[in-house]
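These notes are about the structure you will find just below.
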Amino acid sequence: MSQPIRILLNGAKGRMGLAIAHVAASEQAVIAAGVDQGDDLAAHIGAADVVIDFSFHSVTLAVAQLCAKHKKPLVIGTTGHTAEEKAAITAAIKGLPVVWAGNYSVGVTLLNALVRQAARSLADAGRWDVEVLEMHHRLKKDAPSGTAETLLKILLEERKLAKEALKHGREGLVGERPLGEIGVHAIRGGDVVGDHTVLFAAEGERLELTHKASNREIFARGAVRAARWLKSQPAGLYGMEDVLGLK
């Protein structure tokens, strides 16, 4: 059996950090060090094969820069980055193998592929309206979720639409739904781990593609799987589709 991969876990005290620490041993991995706010990430990076970041959007750039300095592969699971943060992080990780995904669930990765196929197949099949609905626990800070953002990116790409086509919620006398609009709805409440639905609606029929997560461990196992896969990859920016061989 191969040696367990050594992970430096940033955001170790958060929900995802605790889940990753819980599943690591069963996924052929060890947590070489778990760090969180106030800890010195640089003091532990030498002991790791791969860094996993599940911290806060404003922290990821510093993590990426440190990984670039020490030539350490990086798995980014943090969401909620601004456009400026995304651009700075992308520049910092050039020359590194990096997996950057909004969701590390195997099921959600397959949902992304199915949504792309549906959007492509229904592009010229009449008037198919698209709505995206996501629900998460009351403590989630960003909206829409990283998973929903990925789904929206896929839909915009396949329909050849600009970001202005997205309609975040509706209120008041908004008039008839225009062609080419993509509705986006974020619901928060309770302890929901994560539900995502993409709805394609036409006159006389409706297609709904849904994924529901009931346990945070599915994301943790996917992140560790991505870290194991990433260790042997050349420099590049990858997604979970690459990890699962869907590309």
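Numerical summary
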read-out	value
Single condition Lys86 does not satisfy, out of (1) under 30 Å from Lys71 (Cα atoms); (2) in contact with a strand residue (DSSP E or B) (Cβ under 8 Å, 6 or more places away or on another chain)	(2)
Residue ranges of strands (runs of 3 or more DSSP E) in the stretch 23-103 with at least 3 members open to solvent by less than 40 Å² (accessible area, probe 1.4 Å) and closer than 13 Å to Ala227 by Cβ	50-53, 74-76, 97-100
The listed residue being at pLDDT 95 or above, under 19 Å from the mean Cα position of the chain (by Cα) and open to solvent by 30 Å² or more (accessible area, probe 1.4 Å), out of His137, His185, His196	His185
Search result, residues across the stretch 199-221 that are part of a loop (DSSP other than H, G, I, E, B) and open to solvent by less than 70 Å² (accessible area, probe 1.4 Å)	Arg216
Checking Asp242 against (1) assigned to a loop (DSSP other than H, G, I, E, B); (2) within 27 Å of Ile76 (Cα to Cα); (3) open to solvent by less than 70 Å² (accessible area, probe 1.4 Å), the condition it does not meet	(1)
Qualifying positions in the stretch 104-134 - acidic (Asp, Glu), in contact (Cβ under 8 Å) with a residue 40 or more places away in the chain and surrounded by fewer than 21 Cβ atoms within 10 Å (Cβ to Cβ)	Asp129, Glu131
Residue in the stretch 143-157 that is in contact with a strand residue (DSSP E or B) (Cβ under 7 Å, 6 or more places away or on another chain) and open to solvent by 30 Å² or more (accessible area, probe 1.4 Å) present	yes
Filtered residues of the stretch 224-237 (kept if out of contact with any helix residue (DSSP H, G or I) (no Cβ under 6 Å at 6 or more places or on another chain) and either in a helix (DSSP H, G or I) or crowded, with 21+ Cβ neighbours inside 10 Å (or both))	Arg225, Ala227, Arg228, Leu230
Pairs with Cβ under 8 Å, 6+ apart, first in the stretch 151-180 and acidic (Asp, Glu), second open to solvent by less than 70 Å² (accessible area, probe 1.4 Å)	Glu158/Ala119; Glu158/Ala123
Evaluation of Ala42 against (1) within 21 Å of the chain's Cα centre (by Cα); (2) at pLDDT 95 or above (one fails), failing number	(1)
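The values are calculated or read from the model by the stated rules, or taken from the named source; none is laboratory data. Quick caveat, the model's predicted, so the values are computed rather than measured. Don't worry about glycine lacking a Cβ; one is built from the backbone with ideal geometry, like all the others, and counts go over all protein chains shown. Protein only, heavy atoms only, side chains kept; ligands, DNA and RNA dropped before computing areas. Shrake-Rupley method; radii C 1.70, N 1.55, O 1.52, S 1.80 Å.
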